[in-house]
1. Based on what the data block shows, is residue 47 open to solvent by 80 Å² or more (accessible area, probe 1.4 Å) and either under 23 Å from residue 217 (Cα atoms) or modelled with pLDDT of 95 or more (or both)?
2. Touching a strand residue (DSSP E or B) at 6+ places or on another chain (Cβ under 7 Å) and at pLDDT 80 or above: is that true of residue 113 in this structure?
3. Tally the residues that are within 19 Å of residue 194 (Cα to Cα), without any contact (Cβ under 8 Å) to a residue 60 or more places away in the chain and surrounded by fewer than 15 Cβ atoms within 10 Å (Cβ to Cβ), restricting the search to the range 212-228.
4. Quick one: is residue 84 among the aliphatic types (A, V, I, L, M), modelled with pLDDT of 95 or more and open to solvent by less than 60 Å² (accessible area, probe 1.4 Å)?
Amino acid sequence: MSDIESSDVRTHECNICARQTWRSCGRCKLVWYCSKECQRYDYKVHKHLCSTEFPIYPAKDGAKPSTRVLSLPQNGGRPTFVEVPLETVVDEDDGVTWEKLSKEPIWFIQDVEVGRNLLLGRNLGYRLLIGIKEDALLDPSCYPNRCVQELNYTKNPTPHSWPGPLQVAKVAHKSWILDSTYRYLDVEIGDLRHVVDYFVLYGLMGPDLDAAITELRRDIPLFKKQATGQGDTQASAAAGRS
């Protein structure tokens with residue numbers, strides 16, 4: 001795990017507690033932490049993407065617009081970033097235009113929207129769309145996604161199998177004009193934390209969900225401090241805001 005490195009005076013949100021900070025991961029310099037404790041806690045997830053080589057897709061003259069999505073391969077291994085073209089759609093009735101992800105090479109159904117990290121107790125300010133292969137439940141070549149299992153940092157198996165390859169896209173919060181209209185954003189390295197936390201809790205309900213959150217929060221720095229009466233007012237407010 002690389003040390004925290006101070007950046008310029010512009011502040012960012014800590015990837016765990018959302019507290020304002022100017023310190024980034026010393027290796028990738030693309031994920032932000034307010035303390036060593038938050039960085040150590042995030043490392044079990046962050047290590048899967050932390051790299052000095054991060055894909056940037058510059059705009060090209062005459063090229064179709066695109067967005068960066070995260071691909072979780074069915075057969076396991078490191079998650080990867082992929083550039084996916086955006087298609088412009090024009091409504092035949094009112095002429096409203098919007099963008100959607102291209103259907104090539106695989107058409108993913110945007111099956112789940114994640115706008116809040118229940119485990120960290122914070123709203124994201126945007127939404128992550130977890131897409132599954134269109135026919136994954138019927139396709140005999142699709143089996144439980146091994147990458148999801150490998151990303152699981154808990155001692156318990158992931159509650160849901162998530163068959164086939166998965167794709168994670170990112171959209172601006174409340175950005176739609178019509179129900180299916182999104183303004184796409186590039187997925188960042190730090191977004192993996194929120195996707196994995198969603199996976200480890202997905203399918204749990206009622207007392208089982210409450211028990212899982214209580215158990216997992218014992219390792220989260222913010223909640224550990226709160227339990228001992230040493231909670232940080234700024235971090236608590238940041239984690240609980242909408």
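1. Criteria met by residue 47.
2. Against the criterion (touching a strand residue (DSSP E or B) at 6+ places or on another chain (Cβ under 7 Å) and at pLDDT 80 or above), residue 113 qualifies.
3. The total comes to 3.
4. no
The values are calculated or read from the model by the stated rules, or taken from the named source; none is laboratory data. Keep in mind that this is a model prediction, so the values were computed, not measured. Using ideal geometry, Cβ is built from the backbone for each residue, glycine included, and neighbour counts are taken over all protein chains shown. Ligands, DNA and RNA are excluded from the accessible area calculation, which covers all protein heavy atoms including side chains. Shrake-Rupley method; radii C 1.70, N 1.55, O 1.52, S 1.80 Å.
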